[in-house]
Amino acid sequence: MSMLKDQPKNVTVNQLIAMGRNVLESYEKMDAAIDARLLALYVLQCTSSELILHGNDEVADHIKESYMYMIAKRIQGIPLQYITKSQEFMGLEFYVDERVLIPRQDTETLVETIIEYSKQNRVEKAVEVGVGSGCISVSLVHYIKGLNITAIDICENALAVAKKNVKAHQLEEHITLLQSDVFKDYDGEEESLDLIVSNPPYITFDECKGLMGEVKEHEPRKALTDEGDGLKFYREITKEGKKYLKKNGLLAYEIGYLQGEDVCNILKQEGFYNIKLIQDLAGKDRVVIGMKL
Ligand SMILES: C[S@@+](CC[C@H](N)C(=O)[O-])C[C@H]1O[C@@H](n2cnc3c(N)ncnc32)[C@H](O)[C@@H]1O
């Protein structure tokens with residue numbers, strides 16, 4: 001890599017971070033200073049205060065090389081989380097790599113809505129469709145006592161990442177992973193679930209073309225789009241899932257911010273009641289919930 005050639009021989013932690021920032025800035029990377037610092041924390045395996053405390057310490061050559069290697073990956077557009085293999089979600093740490101969607105802060109609105117609901121309603125048995133990294137299922141089981149989830153994904157690769165996270169959080173007894181195309185290979189009892197939750201691939205085929213390169217080129221396409229109008233999974237999960245939900249069971253979706261009306265209508269058509277549209281922290285429509293009649 002060309003930028004490795006002109007590096008000074010001995011550098012301190014602060015100088016290393018400045019070098020990283022300069023390279024990222026010269027490639028017009030947004031958040032250059034933040035990324036340079038986060039990668040330093042990762043490569044040095046230290047806390048923010050240790051980074052400040054040891055800013056003038058000299059860095060070993062192999063650390064400098066790993067750091068600049070990661071900076072090079074970042075300028076190629078590889079998302080920071082795929083480099084550091086980690087993302088925080090609901091205050092918990094998740095392993096992530098190119099096999100799964102990076103958990104988004106928007107999705108916390110979905111999880112928080114269900115946690116609030118569980119304070120007034122019994123939520124013991126659930127299915128998640130499209131588990132990906134496992135961030136939703138793991139967080140729900142972590143925060144809702146007595147909850148057991150069957151977590152479905154069509155992709156074997158995604159399930160391998162979910163398995164790693166379920167294990168890391170020691171929740172193997174409460175989360176069962178299942179490879180299935182939506183409910184096709186799910187053989188649970190009818191009218192047995194308190195909750196079905198999903199953050200399905202909801203980006204339309206057309207919108208997918210206009211996505212940022214970092215997302216489009218590095219995150220799994222199957223996690224992003226239904227290759228159609230963005231509503232395919234809401235139709236399918238609502239129709240198929242209805243029979244597995246108990247009477248008054250909850251269906252909870254994350255949605256794209258322009259899909260509120262359409263998704264509410266899908267729930268209405270399938271006979272759900274108490275349908276609500278909930279906004280995220282930015283005030284955008286983000287979650288739809290409804291109850292089975
Ligand atoms: C938007 S991602 C959500 C991942 C994770 N739950 C999250 O919120 O970060 C959607 C997930 O649905 C999975 N998926 C796509 N098509 C599916 C299908 N037909 N049946 C089950 N899962 C599917 C993808 O592999 C992906 O992991």
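The values are calculated or read from the model by the stated rules, or taken from the named source; none is laboratory data. Note that the structure is predicted; figures quoted are calculated from it, not measured. Don't worry about glycine lacking a Cβ; one is built from the backbone with ideal geometry, like all the others, and counts go over all protein chains shown. These area figures cover heavy atoms from the full protein model, side chains too; ligands, DNA and RNA do not enter into them. Shrake-Rupley method; radii C 1.70, N 1.55, O 1.52, S 1.80 Å.
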Taking a label point 7 Å from the Cα of Gln120 along Cα-to-Cβ, the residues of region 252-274 whose backbone nitrogen sits under 14 Å from it are 274
How large, in Å, is region 87-292 by the Kirkwood hydrodynamic radius built from its alpha-carbon pairs?
16.8
Which residue, chosen from Val100, Val138, Val111, occupies the Cα position most advanced towards the positive end of the dipole of region 69-141, where the dipole is computed from +1 (Lys, Arg) and -1 (Asp, Glu) charges on Cβ about the Cα centre?
Val100
Once you have the Cα-Cα distance between Ala18 and Glu261, take 0.36 nm times their residue separation minus that, and quote the gain in nm to one decimal.
82.7 nm
GNM flexibility winner over the chain from Lys163, Lys242, Lys73 (Cα, springs under 10 Å)
Lys73
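Could you compute the FRET efficiency for Leu41 and Lys246, with r as their C-beta to C-beta distance and R0 at 51 Å, rounded to 0.05?
Efficiency for this residue pair is about 0.65.
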Any chance you could run the full-extension gain for Ser192 through Lys164? It's 0.36 nm times the residue separation minus the Cα-Cα distance, nm to one decimal.
7.3 nm
Cross-link list Lys145/Lys247; Lys243/Lys276; Lys29/Lys85; Lys167/Lys242; Lys222/Lys292: which exceed 24 angstrom alpha carbon to alpha carbon?
Lys167/Lys242; Lys222/Lys292
If amide H atoms are built 1.01 Å from N in the plane of the peptide, which residues on other chains or at least 5 residues away come under 5 Å of the amide H of Ser86?
Val96
By average Cβ neighbour count within 10 Å, what is the ranking of 177-188, 193-204 from highest down?
193-204, 177-188
Dmax and Rg, reported as Rg then Dmax, of region 168-278 (C-alpha, Å):
15.5, 44
Put a dot 7 Å past each Cα toward the Cβ at Asp229 and Glu28; how far apart are the dots in nm?
3.8
At the level of C-alpha centres, the distance separating region 126-171 and region 231-293, in angstrom, is 20
Using a 1.4 angstrom probe, figure out how much accessible area the chain has per residue, in square angstrom, rounded to the nearest whole.
51
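Share of region 1-118's accessible area from carbon and sulfur, percent, 1.4 Å?
Carbon with sulfur: 50 percent of the solvent-accessible area.
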Could you compute how much accessible surface Met212 exposes when probed at 1.4 Å, giving the result in Å² to the nearest 10?
120
